Structures are given as structure tokens and as C-alpha cells.
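The values are calculated or read from the model by the stated rules, or taken from the named source; none is laboratory data. None of the values given here were measured: they were computed from a predicted structure. No Cβ is skipped: glycine too gets one built from the backbone with ideal geometry, and neighbour counts run over all protein chains shown. Surface accessibility is based on the protein's heavy atoms, side chains included, excluding ligands, DNA and RNA. Shrake-Rupley method; radii C 1.70, N 1.55, O 1.52, S 1.80 Å.
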Amino acid sequence: MTKRPALLLLLLTGAVACPKDKKRGTADTAVAVAPPLVQDTTPQDLSALQTNLPPVAPDTFKPRKLTPPRTTTTEVPSRYPAAPPELMAAVERSQTFSKFCYQEFGQKSDPTLRGGVAMLVTVDASGVSDARVANDSWSSSSGKAVNSCLNDKARTAWKLSPGAVKSGKYVVQLAFTGG
């Protein structure tokens, strides 16, 4: 029976000495406060300062040789007449869409893209019924995305008054250069 009072005494002293039972924010806790930072704003001469930087690398820029644009032909546009002035006026009025195609789909993937396309435009009594890239001369394969955009948008962008242009197929030349 002597074991019980000793165990009880041990439990009581352990409960009193348990660190988790202390209340937070008592005087026992100390908070370290850093001294305020002092900035030295005295002017200095840095010309004599020694550095540990590697030597300057030589200039690695090399001008790129431009190759002549290659031509891919899906149709021969020379069989068709050049666009009449009324059609060219419609093309010039709506040149923002062709510029958009060139900048967004061509120059964003190849900033040096240059070249041109020959659009085969079909005109009927109601206006432009079809417009497709028949020939291109792009400086890189990024021009294919421009062709796709032109094929999608040209027919609806080029507006003609009914009967303004004689029905038929015409070639519209578009040139694109950087800048």
C-alpha cells in the first residue's frame, strides 16, 4: 500500500511542473526585439571596387542570311485576270483583317516572316462568294497559318455592292513585310 501514496505524490508534482499548463503571456516569456536598421548613405567612390565577375563573353550575334522565298502553288493564278479596281478598293478598305492575320498568326511565331499571297477571288452577282490562297511565297512555314486565316476571313471581309464587279474569278496580290 505504500506504492499508492508515492504514485499519487508523483502525479501531483508532475501536474504542477507540466509546461503546457502555464498560461500564455505570463512574465516568463521573452520577446526579442531587433535593433532598428541603420543605413549608411555616405557617397562612395566605386571605381576602385574589386569584383569577382567572369570576363565578358564575345558577341555571339550573327546576321541571318535570308533565303529567297519559296513558292508553293495550289492553283495557277496566271490563268485568271487581275482584280478590277472595284475589287481592289474593297480589299484596301478591309486591309485590317489581312494585317491581323499576318501579325497574329505569322509574326508572333516568326518575327522575320515576309512574303506574299495570290488570292483567287470568286465574284458572283451578290458579291464575293469565295476567296482562297492560290499561291504563296513565305520566307518560313509560319506563313501557312497566315494562309489559313486569310482563307477563313477574306470572303466575308471583302464586301462588294451587287453587280459592282462582273462575275468571274480574279487574282488579288497581297504582300507582307515586317515592321
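For the residue pairs Lys65/Lys144; Lys108/Lys159; Lys99/Lys144, the alpha carbons lie more than 26 Å apart in Lys108/Lys159. Per-peptide packing, taken as the mean over residues of other Cβ atoms within 10 Å, places 117-130, 89-102 in the sequence 117-130, 89-102 from highest down. Figure note: Leu49, Leu87 ranked by solvent-accessible area, largest first, 1.4 Å probe, ligands and nucleic acids not counted: Leu49, Leu87.
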